[in-house]
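> Structure provided below as structure tokens; questions to follow.
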Amino acid sequence: MRFEPVDAAARVGRSKIRLGADGVGFFLILLKVITIFSPLRIFLPVSLAAFVLGAGYAAWTIATQSHVTNSSVLLILLSVLIFLIGLVSEQISSLRFEGKASP
């Protein structure tokens, strides 16, 4: 095997790809593919971020105001809910591909 140079004509014109519209579309397609094959890769970081934000806010309000606010409790509950949805999504994903194993 060896390198063989190829002569090609120079590009003419401008690219039709737009960073804003096409980038958002590509990002959504990427999220769909990730959630089909490995949903916890999306749900777990979002859940952890919501939990850390809620727990941090709760710790801050306890330190400064000596009580827990509704917002921090809702953020922690949101993180648990997102995590549980991720687990269900992971189970559905594994069931989809379970029957397609090669013999």
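The values are calculated or read from the model by the stated rules, or taken from the named source; none is laboratory data. It should be emphasised that the depicted structure is a prediction, and the values quoted were computed from it without experimental measurement. Cβ coordinates were reconstructed from backbone atoms using ideal geometry, including for glycine residues, and neighbour counts include every protein chain displayed. Side chains are part of the model used for accessible areas, which takes the heavy atoms of the whole protein and leaves out ligands, DNA and RNA. Shrake-Rupley method; radii C 1.70, N 1.55, O 1.52, S 1.80 Å.
> Taking region 13-32 as the search range and keeping residues that are open to solvent by 100 Å² or more (accessible area, probe 1.4 Å) and under 24 Å from Val46 (Cα atoms), which one is farthest from the chain's Cα centre (by Cα)? Step through it out loud before you land on a result.
Within region 13-32, the subset open to solvent by 100 Å² or more (accessible area, probe 1.4 Å) is 14, 16-19, 26-27, 29, 32.
Okay, now just the ones that are also under 24 Å from Val46 (Cα atoms), so 26-27, 29, 32.
Values: Phe26: 13, Phe27: 10, Ile29: 11, Lys32: 9 Å.
Filtering first and then ranking leaves Phe26.
> Taking only pairs six or more apart or across chains, which ones have beta-carbon atoms under 6 Å, a first residue in region 73-92 that is modelled with pLDDT under 95 and part of a helix (DSSP H, G or I), and a second residue that is surrounded by 13 or more Cβ atoms within 10 Å (Cβ to Cβ) and not aliphatic (A, V, I, L, M)?
Qualifying pairs under 6 Å: Gly86/Pro39; Gly86/Phe43; Ser89/Pro39; Glu90/Pro39.
> If you don't mind, there's one more thing I want to ask. Which residue is nearest to Ser89 (Cα to Cα), if the candidates are limited to region 54-72 and must be polar (S, T, N, Q), assigned to a helix (DSSP H, G or I) and open to solvent by 70 Å² or more (accessible area, probe 1.4 Å)?
Quick first cut of region 54-72, residues polar (S, T, N, Q) only: 61, 64-66, 69-72.
If we keep only those that are assigned to a helix (DSSP H, G or I) too, we end up with 61, 64-65, 70-72.
Next, from what is left, pick out any that are open to solvent by 70 Å² or more (accessible area, probe 1.4 Å): 64-65, 70.
Details: Thr64: 39, Gln65: 39, Asn70: 28 Å.
Selected residue: Asn70.
> Here's a follow-up. Considering Phe37, Phe51, which residue is open to solvent by 100 Å² or more (accessible area, probe 1.4 Å), under 23 Å from the mean Cα position of the chain (by Cα) and not charged (D, E, K, R)? Step through it out loud before you land on a result.
On the way: Phe51 fails: open to solvent by 100 Å² or more (accessible area, probe 1.4 Å).
Exactly one residue qualifies, and that residue is Phe37.
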